[in-house]
1. It is to be established whether one or more residues within the stretch 138-149 are closer than 22 Å to Phe87 by Cα, within 25 Å of the chain's Cα centre (by Cα) and open to solvent by less than 10 Å² (accessible area, probe 1.4 Å).
2. Does any residue of the stretch 656-672 turn out to be touching a helix residue (DSSP H, G or I) at 6+ places or on another chain (Cβ under 6 Å) and on the phi > 0 side of the Ramachandran plot?
3. Looking only at the stretch 429-449, which residues are in a strand (DSSP E or B) and open to solvent by less than 10 Å² (accessible area, probe 1.4 Å)?
4. Are any residues in the stretch 282-302 in contact with a strand residue (DSSP E or B) (Cβ under 6 Å, 6 or more places away or on another chain) and surrounded by 17 or more Cβ atoms within 10 Å (Cβ to Cβ), and if so, which ones?
5. Answer yes if at least one residue in the stretch 490-499 is touching a residue at least 24 places away in the same chain (Cβ under 8 Å), at positive phi, open to solvent by less than 10 Å² (accessible area, probe 1.4 Å) and in contact with a strand residue (DSSP E or B) (Cβ under 6 Å, 6 or more places away or on another chain), and no otherwise.
6. Among the residues of the stretch 412-424 satisfying the criterion of being out of contact with any Gly (no Cβ under 7 Å at 6 or more places or on another chain) and open to solvent by 20 Å² or more (accessible area, probe 1.4 Å), which is nearest to Leu337 (Cα to Cα)?
7. Could we say that Ser778 is in contact (Cβ under 8 Å) with a residue 24 or more places away in the chain, open to solvent by 10 Å² or more (accessible area, probe 1.4 Å) and touching a helix residue (DSSP H, G or I) at 6+ places or on another chain (Cβ under 8 Å) here?
Amino acid sequence: MSARSIKSPLVGWVLPLGHLPDPVFAQGMAGDGLAIDPTAGVLCAPCDGIVVPMNNARHAVTLRTPEGHEILMHVGIDTVRLQGDGFSLLVEPGRAVFAGEALLRFDLDRIARGAKSLATPILLATPGRIGFRAPAGPIAVGDPLMEILPEAGTADASGAGAGHEQSRRYIVPFDHGLHARPAATLAAQLKPFSARVTVVARGHRANAKSTVAIMALGVRRGEAIEIAVEGAGGDEVAAVFRAIDMVMPPARAAAAAAPPVAAPAESLSGATIKGVVASRGLTLGTAVSLVEPELAVAETGTGEAAESARLDAALAAVHARLTRLGATAEGAQAAVLDAHRTLLSDPELVDAARRAMARGKSAGFAWRAAVRASVAALDASADARMKERAADLSDLERQVQRALAGQAPDSTRELPPRAILLAREVLPSQLMALDASRVAGLCSAEGGPTSHVAIIAAARGIPALVAAGARVLDIAEGTRLKLDAFYGVLTVDPDAQTWTATEAAIEAARRQREADIAAAGEEARTLDGVRIHVMANLGGLEEAGPAVAQGAEGCGLLRTEFLFLDRGEAPTEDEQRALYQGIAERLGERPLTIRTLDIGGDKPIPYLPLPAEDNPALGLRGLRTSLWRPDLLVTQLKAMLGGSAPGTRRILLPMVTDPTDIDEVRRMLDALGPGQPPALGVMIETPSSALLIEQLIDRVDFVSIGTNDLSQYTLAMDRGHPELAARLDALHPAVLRLIARVAEVAHAAGKDAAVCGGLASDTDAVPILVGLGIRELSAVPSAIPVVKRTLRTLDAQRCAVLAREALDLPDAKSVRARVAQWHRGNGPGTISLGGLTP
């Protein structure tokens, strides 16, 4: 038998075990090996092997090598106390994996806050000798970490001889059950004995000298276990039990400290779980777990040619199905299906699968490995939106595996009425396959607010929360739920009073919504006659008509990125012109504000190979990217100038921080031909552009304030970060002061200042924006009716007083509290419906 090379499963810094802040690991009781202090949150397979079942443990993974060695990778120290929060297993127990495949994703920040240390022991948990060890220092995934030497023929250390079995009952006293530390301590105590010692729990037996085997039982605090000793004389049996008693007392002594039955799972009745809002709304319903078992896939194929043919047929079948669905889909669903078709034929993905099949792997194993390697790369991205795209790859993995297995593309499931879907992460194809009339809402443990499934949920009007944590997965099927996707809270099994009050609020909101839509076509004026224009933010042709029906007076922001993403080449001038013309026709005589391409290193596209950036948010973005590739910008400007109604169009430049960049765009427009060009404006999205507003306003016809990025850059918080989502609020006085400055300078110059970010759709913010002098709001179409209704209840002079007060408050929470108080004392304001609307 040859030596087994163990590669590094992490990026980080190698440490000797003795440096760990835990004696069980530091003294080698859990096994010999090394530790790595990780700098990225993805754990990969250190060698080929089989994933060993570890019950519900999410913080540790064990791999069994072809030689039978077990490699335990325990992420962090004392991470069992996190109960899975911050960890996401990417593989199913019992599955064969290959070296370098991503096994586990974890949140470095969450673990650093909740655990003793991030240092991760990589241990040989079975008998064996380690030869080479990597020295202390930096290491990357796939670098040599250590080598397990082949064992000379040795006797079975677990006591092979048969004999009389004696057993004793114990009650597990440890707070987190038989996790790594107590399991390793017990195994270490027993290894010197020749007797066979077995732990019996939950109907399973495990070698008591194996840390991994004990952990795999998943025994919780308070559970009764049997420990059996066999193959030893009376003196050794007595010594074995004395050693065990040093780790945990026998049942008769522990009975008073812990019940002699399994501890029940934590009751979630009445609990509230915080999540990140992905699609706004309020709903009641019953829990439906949307969890599918992973399809078993053979590792070894029947030959490269046969396996390649199988994969080609499966890819073709999925592509054909996506094409059929796309022919009748509209809006967000059509865009997602287009993106999936593009990803399905990605050459890097397909080539990686073919290389694996050339090494003898099956089509299913090769496809899974290729996809999961790409998922791991996306997970390692610093940009939250790139991480969210990983769900699309996982979705395609699932669809192709089902095609390879000869199964229907989507499992059919009859949902109960008012189903609230619960899952680790809902995939786009899953949501599109379900009966939308029966889906009341969804809540996922993972995922992001700009993921494709979030976009589909918003398009269907389904309230949705994401990144709610692992507790979501513990909610029993059929449990009554209240999902508040205005404030980001899931309430488990609410009491009767809460249920009744919420039903009444939902009905009141429905009636109010009907009234708002009926009045949406009317213009919005304050009580003292100030006219406020309410526009729509659009992201595609299919959104224009519905926006007008919702009362939009034009388009204040057309995001053109949808034309450029998920394709192999840039859109042509004719293609862009036809799209802009189509939207203009749907808007009629209403203005159309087209933003030039806003893209950067966070959204890589194959025909625009941007340089790698550690922080894409501070790199080539917005107008910087367009001026870096002026050919794309010139083509886009030509398309904007074309069409039959250019007079209704405005051009908006994103992420402008240098006034001279505007001069360069003006020169491009002048070079495109004579005639009056459309109005040219800039987005105010950074503190620098707000502070330079006097220089900017002289060069443009209007400005539009993008409060999403403005708040992110002003408050130094990533707006895609789930841990900071609740704190990142554009009503922060620091952001409001910048808005006030921009509005004041624009008004003095006789030019319009609009708000097109999320704040324009926030009814708490509307009176303050009016008070600061904003006279154009561009909101998401669904929010336009309520924004108009809110405006009609306001007095602009009173709003100005409120705005001045808000500028002097310390934080966004204080501003929102002041707005609520102001509404109560200044007439009808917005209707709160019992505090349940945003």
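The values are calculated or read from the model by the stated rules, or taken from the named source; none is laboratory data. The structure displayed is predicted, hence computed values, not measured ones. Note that each Cβ is placed from the backbone with ideal geometry, even for glycine, and that neighbours are counted across all protein chains shown. In case anyone asks, the SASA skips ligands and DNA or RNA and just uses the protein heavy atoms, side chains included. Shrake-Rupley method; radii C 1.70, N 1.55, O 1.52, S 1.80 Å.
1. Taking every residue of the stretch 138-149 in turn, none turns out to be closer than 22 Å to Phe87 by Cα, within 25 Å of the chain's Cα centre (by Cα) and open to solvent by less than 10 Å² (accessible area, probe 1.4 Å).
2. No, the stretch 656-672 contains no residue that is touching a helix residue (DSSP H, G or I) at 6+ places or on another chain (Cβ under 6 Å) and on the phi > 0 side of the Ramachandran plot.
3. Gly441, Leu442, Cys443, Ser444
4. Leu282, Thr283, Leu284, Gly285, Ala287, Val288, Leu290, Glu299, Gly301 - these are the residues of the stretch 282-302 that are in contact with a strand residue (DSSP E or B) (Cβ under 6 Å, 6 or more places away or on another chain) and surrounded by 17 or more Cβ atoms within 10 Å (Cβ to Cβ).
5. No, there is no match, as no residue in the stretch 490-499 is touching a residue at least 24 places away in the same chain (Cβ under 8 Å), at positive phi, open to solvent by less than 10 Å² (accessible area, probe 1.4 Å) and in contact with a strand residue (DSSP E or B) (Cβ under 6 Å, 6 or more places away or on another chain).
6. Here the answer is Thr412.
7. Considered against the rule, which asks whether it is in contact (Cβ under 8 Å) with a residue 24 or more places away in the chain, open to solvent by 10 Å² or more (accessible area, probe 1.4 Å) and touching a helix residue (DSSP H, G or I) at 6+ places or on another chain (Cβ under 8 Å), Ser778 comes out as no.
Here is a yes/no grid of residues against (1) out of contact with any His (no Cβ under 7 Å at 6 or more places or on another chain); (2) without any contact (Cβ under 8 Å) to a residue 24 or more places away in the chain; (3) in a helix (DSSP H, G or I); (4) surrounded by fewer than 22 Cβ atoms within 10 Å (Cβ to Cβ):
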| site | (1), (2), (3), (4) |
| --- | --- |
| Val426 | yes, no, no, no |
| Arg471 | yes, no, yes, yes |
| Ala476 | yes, no, no, yes |
| Leu483 | yes, no, no, no |
| Ala505 | yes, no, yes, yes |
| Ala509 | yes, no, yes, yes |
| Ala518 | yes, yes, yes, yes |
| Leu527 | yes, no, no, yes |
